1. What number of residues within segment 298-325 satisfy the criterion of being open to solvent by 20 Å² or more (accessible area, probe 1.4 Å) and among the β-branched types (Val, Ile, Thr)?
2. Please go through segment 102-123 and pick out each residue that is within 30 Å of Val181 (Cα to Cα) and in contact with a Gly (Cβ under 9 Å, 6 or more places away or on another chain).
3. May I ask you to list the residues in segment 15-35 that are in contact (Cβ under 8 Å) with a residue 60 or more places away in the chain, open to solvent by 100 Å² or more (accessible area, probe 1.4 Å) and either over 16 Å from Asp58 (Cβ atoms) or part of a strand (DSSP E or B) (or both)?
4. Got at least one residue in segment 369-379 being under 25 Å from Lys449 (Cα atoms), under 24 Å from the mean Cα position of the chain (by Cα) and surrounded by 13 or more Cβ atoms within 10 Å (Cβ to Cβ)?
5. Which one is surrounded by the fewest Cβ atoms within 10 Å (Cβ to Cβ) among residues in segment 415-449 that are farther than 21 Å from Ser274 by Cβ and within 25 Å of the chain's Cα centre (by Cα)?
6. Is there any pair with a first residue in segment 299-312 that is touching a residue at least 12 places away in the same chain (Cβ under 8 Å) and closer than 17 Å to Leu265 by Cα and a second that is assigned to a strand (DSSP E or B) and open to solvent by 30 Å² or more (accessible area, probe 1.4 Å) whose Cβ atoms are under 8 Å apart and which are 6 or more apart or on different chains, and what are they?
7. What do you reckon, is Gly91 on the phi > 0 side of the Ramachandran plot and either hydroxyl-bearing (Ser, Thr, Tyr) or surrounded by 15 or more Cβ atoms within 10 Å (Cβ to Cβ) (or both)?
8. May I ask you to say which residue of Ala236, Ala268, Ala298, Ala287 is aliphatic (A, V, I, L, M) and either out of contact with any helix residue (DSSP H, G or I) (no Cβ under 8 Å at 6 or more places or on another chain) or at positive phi (or both)?
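The values are calculated or read from the model by the stated rules, or taken from the named source; none is laboratory data. Worth saying up front: this structure is predicted, and the values here are computed from it rather than measured. Heads up, the Cβs are rebuilt from the backbone with ideal geometry, glycines too, and the neighbour counts pull from every protein chain shown. With ligands, DNA and RNA removed, areas are computed over all heavy atoms of the protein, side chains included. Shrake-Rupley method; radii C 1.70, N 1.55, O 1.52, S 1.80 Å.
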Amino acid sequence: MSQLQPLAPAARAERALLPRRLGIAFGDRFFILLIAGLLWIGPLFWSRQFLYGLAAWDTVLLLAWLMDLRGLRAASQLVVERTFTAPLALGESAPVRLTLANMSSSPLQVQMLDDLPPQLRPTPPEVAVSVPAGQERTAEYEIRPSERGDCEIGTTYLRCQSPLALAQRWAEVDLRQKVRVYPSLQSAKRNQLFLLRSRRIELERRLLRQQGQGKEFEYLRDFREGDEFRDICWTATARRGKPVTRVHRAERNQAVWMVIDCGRLMRARIGSLSKLDFAVDAALNLAQVASFGGDRIALLAYGARIQERLAPGRGHSHMRSILDQLARIRGEPSEADHLRAASTLATMQSRRGLIVWITDLAETAMTPEVVQAAMQMSGRHLVLFAVVGQPDLKRVADSVPDKLEDLYRYTAAIETLHRRELLLARMRERGTLAMEVDAHEISTIVMNKYLELKERGQF
């Protein structure tokens with residue numbers, strides 16, 4: 001069995017390369033000494049002999065700069081290693097270490113600039129280290145990813161100078177690599193109570209199975225003393241001429257599907273995160289709880305096309321696959337194809353299971369397509385239909401309008417919320433567990449609803 005790779009990006013180390021084009025500059029001390037040489041201009045008003053002193057000063061300074069620049073060839077003997085000490089997760093700080101090894105015989109002062117994409121850090125980090133000959137030094141900076149998914153980290157640029165600080169030489173280190181930003185991992189760690197409750201439910205079901213109880217039919221046997229009369233199979237009794245009992249078992253290893261809408265409505269932002277980010281976070285938490293409880297978890301993420309799909313499974317490797325796919329989910333600017341998602345889901349899951357569908361409703365006079373798709377699935381499966389609410393809409397509906405313009409907004413908000421509630425009520429009448437939840441509470445509500453259904457044995 002292959003070992004799972006760590007979530008943190010792999011460390012990468014390379015030797016510095018001097019640029020092909022002119023990569024040299026004057027240091028800060030060179031300009032200070034150059035300005036100091038201008039003091040020779042004052043005595044020139046009394047004697048032109050001081051002009052030779054000015055020329056000699058500038059010549060010596062230029063020769064010193066050239067000698068200092070020649071010593072900076074040691075920049076090609078630098079090795080830089082970039083190390084990530086923690087996985088990259090949405091909205092969570094992660095330290096990054098840059099280790100500089102000086103393999104030359106000259107001490108160097110080096111400024112390092114790491115070329116990071118904006119989704120990892122708004123501005124590229126720049127750190128400075130002073131490295132003696134034959135030693136190494138480490139500098140650290142932090143990143144806080146603002147988007148999930150894969151992104152490219154570019155080259156690390158070096159600006160080197162000796163302790164004299166007269167000349168500077170630039171170098172590049174090819175530390176380009178692709179890194180993956182996962183959904184928030186801290187929220188999953190805070191769900192210990194849900195995990196314990198899920199494990200308790202699974203143990204109770206296992207006990208029921210040992211006692212021959214439950215709802216799922218297993219086999220027929222002769223009636224024994226202590227059997228309940230409601231378990232008697234009367235048709236088999238009539239055929240055999242003696243009492244026959246149905247033996248049931250508690251359902252286990254049920255399929256729990258997480259269906260995530262990635263269409264344009266889910267790109268709406270609530271604070272610093274989008275509705276899709278909250279949906280992904282809820283799916284990850286539910287996957288962890290369901291997997292811990294013994295159920296098989298599956299994923300379907302869709303927009304105008306199917307983005308990610310994963311058949312039901314369990315285990316550490318399957319959970320890692322879920323995590324990787326959730327990281328790659330992206331919002332799309334177009335409307336999602338909900339009927340295609342329902343058709344794909346029906347093909348992949350024929351037996352009854354739990355479908356947790358996380359979406360938003362379009363404001364239209366007709367029945368939204370996502371509602372039609374979910375009700376199609378409710379005939380065979382148990383569908384938990386979670387609509388991510390819009391806090392701005394509820395805030396306007398709860399306000400007291402003072403102006404005519406505010407009254408128009410208030411009326412529109414009330415009508416929109418009423419229309420959404422009518423749609424959800426119609427879905428509940430047809431057996432769908434439909435609800436509208438606040439984005440910040442969707443993880444907790446979905447996990448509680450799953451555990452409640454599992455305790456009742458509804459799937």
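1. Result for segment 298-325: 1.
2. Passing the criteria: Asp114, Asp115, Leu116, Pro117, Gln119.
3. Within segment 15-35, Arg15, Leu17, Asp28 qualify.
4. Within segment 369-379, not a single residue is under 25 Å from Lys449 (Cα atoms), under 24 Å from the mean Cα position of the chain (by Cα) and surrounded by 13 or more Cβ atoms within 10 Å (Cβ to Cβ).
5. Only one residue fits best here, namely Asn448.
6. Ala301/Gln307; Ala301/Arg309
7. yes
8. Only one candidate passes the filter, namely Ala236.
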